[in-house]
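J.: For reference, the structure I am asking about is given below.
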Amino acid sequence: MRRLTSLLLSLALLALASLAPAAEPRAVTRTRLPNGLTVLVRENPASAVVAVALAVKLGTRWETPETAGISNFLQLMVVRGTASRSGTQIVEDAERLGGRIDGRGDQDWSAIEAAALARNWIPLLELVADVALHPSMPAGVVEGVKQFLLRQVRNRGDQPYPVAFDTLMQSLFGPHPYAWRPLGRRESLERLDRAALLAHYRRHYVPGGMVLAVSGQVRAPLVLREVERLFGAMPAGQPPAATSVRAPAMAASRVGSDVPGAQAQILHGALAPPMTHPDYPAVKVLSTVLGGGMAGRFFSEIRDKQALAYSTAALYPTLADTAYFVAQLGTGPENLSRAQASLKKELERIREEPPAAEELRVAKAYLLGNFAMDRRTNERQAWYLATYELAGVGYEFLDRYVTGVRAVTPADVQRVARTYLGTIRESVAGPQVR
């Protein structure tokens with residue numbers, strides 16, 4: 001195990017050392033148009049690809065139980081037809097530019113993401129502007145996409161892990177919109193129609209709630225000129241405020257769901273701090289100490305040493321509102337009780353004693369190395385620029401985050417474990433788990 005840990009440390013450090021410098025933003029220019037649209041341009045003359053991300057204050061935090069899933073539904077529709085292009089033409093035009101275009105809804109933001117060869121950056125911007133400003137949302141396509149989404153919802157109900165995860169989110173967040181996935185819920189999706197989508201679009205696609213980021217082989221003044229031409233005529237406006245509903249106070253609970261399958265899924269969850277909280281870097285390190293790849297405690301202790309798990313992980317997503325921490329493992333039904341006890345023991349151990357210096361060093365290298373690799377493309381750079389600016393923390397947050405992770409101590413990890421993992425909600429799904 002010591003040899004494996006050293007190897008993982010070396011590989012992670014090598015990845016970090018080789019990729020981190022290239023991932024740093026280069027000459028990022030921030031401009032706000034008179035109508036309120038924020039434009040960010042990251043010049044990268046070494047890349048032959050240009051990526052565009054248009055982030056919108058639109059997501060589950062702006063939904064209610066009656067409209068759950070409308071944001072993701074809308075994002076799928078804006079790239080499926082405009083006043084001058086069919087959905088097929090949009091895809092074909094993106095491919096002719098040497099790239100792609102897509103739309104997706106998330107929890108704290110939604111985005112239109114596109115990329116193409118650098119020489120085609122102007123028609124790429126024109127394509128993004130067309131789908132963002134002139135969506136047609138044909139009724140027949142709306143119905144087809146709705147049926148597609150409803151099938152996805154039904155499929156989640158047939159698999160142990162999605163059932164366990166969705167049940168845990170409902171337990172943790174109650175009436176808060178994080179309780180449901182961006183995909184939505186069956187009963188709400190069935191009620192949504194073209195009129196509802198258009199109304200949602202008009203409320204949210206306003207300049208004051210939009211950030212356009214461009215990364216690649218471009219010049220910022222030229223990009224700004226084209227953005228003003230394409231988006232400058234939009235009337236000024238501000239989007240509605242996100243939900244004010246709060247997640248319920250933490251309380252211990254356990255829910256079991258009988259779902260046919262070869263494995264049982266065990267999830268232990270707790271509420272955790274948002275990305276703006278001072279504890280955010282320390283909880284990121286905590287999640288990596290526990291579930292960060294093969295060097296994480298869940299993998300090494302529960303899977304390798306005890307052979308009680310097929311898969312292990314720890315989740316701590318970056319969210320603008322109260323977030324969540326999830327410890328999870330998949331196990332054989334015959335090992336359910338023992339695996340539950342082992343998972344609980346590891347959560348107790350991290351609260352009782354801080355990680356060793358070497359263990360912490362491995363976790364940081366793994367965490368920052370993966371982060372650096374994730375930022376190495378223009379597409380991911382544009383996405384980070386747009387969404388973090390939209391969240392109000394600015395693209396500079398990425399550098400502050402890296403600095404914060406490097407400063408985390410063993411005592412910090414133990415402290416946040418005691419703070420956030422003292423009370424746990426459990427969700428288990430699989431064959432005959434009740």
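The numbers here are math on the coordinates, done by the rules we state, and not lab data. Bear in mind that the values here come from a model prediction, so they are computed numbers and not experimental data. Backbone-built Cβ (ideal geometry, glycine too); neighbour counts: all protein chains shown.
J.: Normalising by the residue count of region 251-430, find the relative contact order in percent from Cα pairs under 8 Å and 6+ residues apart.
T.: On the way: 284 pairs, mean separation 72.1, N = 180.
After rounding, I find 40 percent.
J.: Only Cα pairs within less than 10 Å get springs; with that Gaussian network setup on the chain, which residue of 274, 354, 221 has the largest fluctuation?
T.: 221
J.: With springs connecting C-alpha atoms under 10 Å apart, model the chain as a Gaussian network and identify which of 130, 304, 279 has the largest mean-square fluctuation.
T.: Taking springs between Cα atoms under 10 Å, the residue moving most is 304.
J.: Where does the chain land on Rg/Rh, using Cα atoms and the Kirkwood Rh?
T.: Using only Cα positions, Rg/Rh for the chain is 0.98.
J.: Mind ordering 294-301, 142-149, 378-385, 314-321 by average Cβ neighbours within 10 Å, highest first? All intermediate terms of the calculation are to be shown ahead of the outcome.
T.: On the way: 294-301: 20.8, 142-149: 16.1, 378-385: 23.6, 314-321: 18.9.
Highest-to-lowest ranking by the protection proxy: 378-385, 294-301, 314-321, 142-149.
J.: Something else about it: Calculate the spin-label point distance for residue 400 paired with residue 104, positioning each point 7 Å from the Cα along the beta-carbon direction, and give it in nanometres.
T.: Using points 7 Å along Cα→Cβ, the separation is 2.6 nm.
J.: For region 308-372 and region 51-71, compute the distance between their C-alpha centroids and round to whole Å.
T.: So the separation of the two Cα centres works out to 29 Å.
J.: Decide, for region 45-149, between rounded, prolate and oblate: order the square roots of the alpha carbon gyration tensor eigenvalues as a ≥ b ≥ c, take rounded if a/c falls under 1.5, and otherwise choose prolate if a/b is larger than b/c, else oblate. The partial results should precede the final answer.
T.: Details: a/c = 2.61, a/b = 1.52, b/c = 1.71.
Taking the square roots of the gyration eigenvalues as a ≥ b ≥ c, region 45-149 is oblate.
J.: What size of dipole, in debye to the nearest 20, comes out for the chain about its Cα centre when the only charges are +1 on Lys and Arg C-beta atoms and -1 on Asp and Glu C-beta atoms?
T.: Details: 50 positive and 40 negative charges, 65 e Å.
Using only the charged Cβ atoms, the result is roughly 320 debye.
J.: Separate question: In nm, to one decimal, how far is the residue 158 label point from the residue 31 one, both placed 7 Å along Cα→Cβ?
T.: 5.1
J.: Can you work out the Karplus-derived ³J(HN,Hα) for every residue in region 403-418? Use 6.51 cos²θ - 1.76 cosθ + 1.60 with θ = phi - 60°, whole Hz, and x for glycine or proline.
T.: Along region 403-418, the couplings run 4, x, 4, 4, 8, 5, 10, x, 5, 4, 4, 5, 4, 6, 5, 5 Hz.
J.: Sticking with this structure for a sec: Test of understanding: in a Gaussian network model of the chain with alpha carbons linked when under 10 Å, which of 200, 176, 134 would top the mean-square fluctuation ranking?
T.: Answer for the Gaussian network model of the chain: 134.
J.: Apply 1/(1 + (r/R0)^6) to the Cβ-Cβ distance of residue 199 and residue 243, taking R0 = 22 Å, and write down the FRET efficiency to the nearest 0.05. Intermediate values should be presented prior to the final figure.
T.: Working: r = 18 Å, r/R0 = 0.81.
Once the sixth-power term is evaluated, E becomes 0.80.
J.: Here is a follow-up. Please list 3J(HN,Hα) in residue order for region 316-331, calculated via the Karplus relation 6.51 cos²θ - 1.76 cosθ + 1.60 where θ = phi - 60°; whole Hz, with x for glycine and proline.
T.: Running phi through 6.51 cos²θ - 1.76 cosθ + 1.60 with θ = phi - 60° gives 8, x, 7, 10, 7, 10, 3, 9, 9, 10, 10, 9, 9, 7, x, 9 Hz.
J.: So how strong a dipole does region 251-430 carry about its Cα centre when Lys and Arg Cβ are +1 and Asp and Glu Cβ are -1, to the nearest 20 debye? It would help to have the intermediate numbers written out before the result.
T.: Working: 20 positive and 19 negative charges, 48 e Å.
Magnitude of the dipole: close to 240 debye.
J.: Now for a different question. If I take all pairs of Cα atoms in region 251-430, what percentage of them are more than 29 Å from each other?
T.: On the way: 3844 of 16110 pairs.
The proportion of pairs with Cα distances above 29 Å equals 24 percent.
J.: Given the C-alpha centroids of region 128-202 and region 26-45, what is the distance between them in whole angstrom?
T.: Distance between centres, Cα-based: 31 Å.
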